[in-house]
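> To start, I am sharing the structure in question, which I have written as structure tokens.
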Amino acid sequence: DGNNAGGLVGYAIGEGATSYVVNNKVENSTITAYRDLGGVIGTAGANVEIENNVVYGVRVIVNRDGIDAEGTPKAENAGMIVGRNLTGKEIDGNNETVLPVATADELKEALENGEDVVLVENIAIAKEDAGTNGYGATGINVLNGQTIDGGGNDISVDAWRTWDSAINTTGGLIKNINVTGGMRGIFVNHNSTFADK
């Protein structure tokens with residue numbers, strides 16, 4: 001029910017001399033607070049430099065009026081790197097986030113938004129929820145430069161026909177994942193609508 005909650009620092013004041021929050025990795029955690037919560041820092045004050053931090057598989061949950069903002073917080077003063085930003089600068093740049101996903105809808109939405117993801121549950125994809133490419137249906141599309149970490153979990157798809165694939169990629173990083181069902185598991189596609197992204 002409090003505020004100023006972070007995976008690493010609750011409140012980085014940064015008054016006077018510059019304070020640095022750099023080169024940290026916060027992973028596989030859940031941060032819950034009423035407001036001002038972030039994957040790395042809850043509230044970042046003036047003169048705080050925030051660089052090269054990695055938030056990996058972290059859930060930021062806003063505990064206010066029944067609002068549950070897992071993964072991508074929707075409440076004010078909540079974020080995957082910093083919740084409340086008083087630095088006067090944008091906090092993204094070379095900080096990285098890998099979002100946790102537990103359902104097919106979460107996975108597809110995150111990938112479509114260009115996010116890197118880690119699976120925290122087995123995920124099943126139905127044929128009617130599949131996307132398509134020039135070579136048939138595809139459960140998900142991993143864009144060039146994206147990462148999907150299965151976390152040792154499964155992606156299962158309906159038994160599809162020839163040319164269909166569970167995962168279509170044009171050059172992303174796919175690791176620690178078990179693919180079940182489908183004609184093809186992972187299809188490396190050099191010629192699709194995703195190739196130029």
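The values are calculated or read from the model by the stated rules, or taken from the named source; none is laboratory data. As the structure is a prediction and not an experimental result, all values here were calculated from the model. Here the Cβ positions follow ideal geometry from the backbone for every residue, glycine too, while neighbour counts run over all protein chains shown. Quick note on the areas: whole protein, heavy atoms, side chains included, nothing else; ligands and nucleic acids left out. Shrake-Rupley method; radii C 1.70, N 1.55, O 1.52, S 1.80 Å.
> Looking only at the range 104-145, which residues are acidic (D, E) and over 21 Å from W163 (Cβ atoms)? Even if it seems obvious, please write down each step before you answer.
Here is the first cut: in the range 104-145, the residues acidic (D, E) are 105-106, 109, 112, 115-116, 121, 128-129.
Correct list: D105, E106, E109, E112, E115, D116, E121.
> Test A12 against the stated conditions and say whether it is over 17 Å from T97 (Cα atoms) and open to solvent by less than 40 Å² (accessible area, probe 1.4 Å).
yes
> From the residues in the range 2-17 that are under 17 Å from G79 (Cα atoms) and outside any strand (DSSP E or B), which one is nearest to the chain's Cα centre (by Cα)?
The extreme case among them is G7.
> Further question: Keeping to the range 153-166, report how many residues are at pLDDT 90 or above and among the acidic types (D, E).
1
> E121 passes all but one of (1) of a type in the set (D, E, K, R); (2) modelled with pLDDT under 90; (3) farther than 19 Å from V21 by Cα; which number fails?
E121 satisfies every listed condition except (2).
> Quick check on this structure: which one of D149, D105, D164 is open to solvent by 30 Å² or more (accessible area, probe 1.4 Å) and of a type in the set (D, E, K, R)? Walk me through it before giving the result.
On the way: D149 fails: open to solvent by 30 Å² or more (accessible area, probe 1.4 Å); D164 fails: open to solvent by 30 Å² or more (accessible area, probe 1.4 Å).
Of D149, D105, D164, the one residue that is open to solvent by 30 Å² or more (accessible area, probe 1.4 Å) and of a type in the set (D, E, K, R) is D105.
> I've got another one for you. Out of the residues in the range 121-139 that are out of contact with any helix residue (DSSP H, G or I) (no Cβ under 6 Å at 6 or more places or on another chain) and part of a strand (DSSP E or B), which is surrounded by the fewest Cβ atoms within 10 Å (Cβ to Cβ)?
Once the filter is applied, the top-ranked residue is T132.
Here is a yes/no grid of residues against (1) modelled with pLDDT of 90 or more; (2) outside any strand (DSSP E or B); (3) among the hydroxyl-bearing types (S, T, Y):
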residue: V55; (1), (2), (3): yes, no, no
residue: E70; (1), (2), (3): no, yes, no
residue: E90; (1), (2), (3): no, yes, no
residue: G93; (1), (2), (3): no, yes, no
residue: K108; (1), (2), (3): no, yes, no
residue: L111; (1), (2), (3): no, yes, no
residue: G145; (1), (2), (3): no, yes, no
residue: G151; (1), (2), (3): yes, yes, no
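> Please count how many residues of the range 18-50 are among the hydroxyl-bearing types (S, T, Y), open to solvent by 70 Å² or more (accessible area, probe 1.4 Å) and in a strand (DSSP E or B).
Of the residues in the range 18-50, 3 are among the hydroxyl-bearing types (S, T, Y), open to solvent by 70 Å² or more (accessible area, probe 1.4 Å) and in a strand (DSSP E or B).
> Taking the range 167-196 on its own, how many of its residues are aliphatic (A, V, I, L, M), modelled with pLDDT of 80 or more, surrounded by fewer than 18 Cβ atoms within 10 Å (Cβ to Cβ) and in a loop (DSSP other than H, G, I, E, B)?
0
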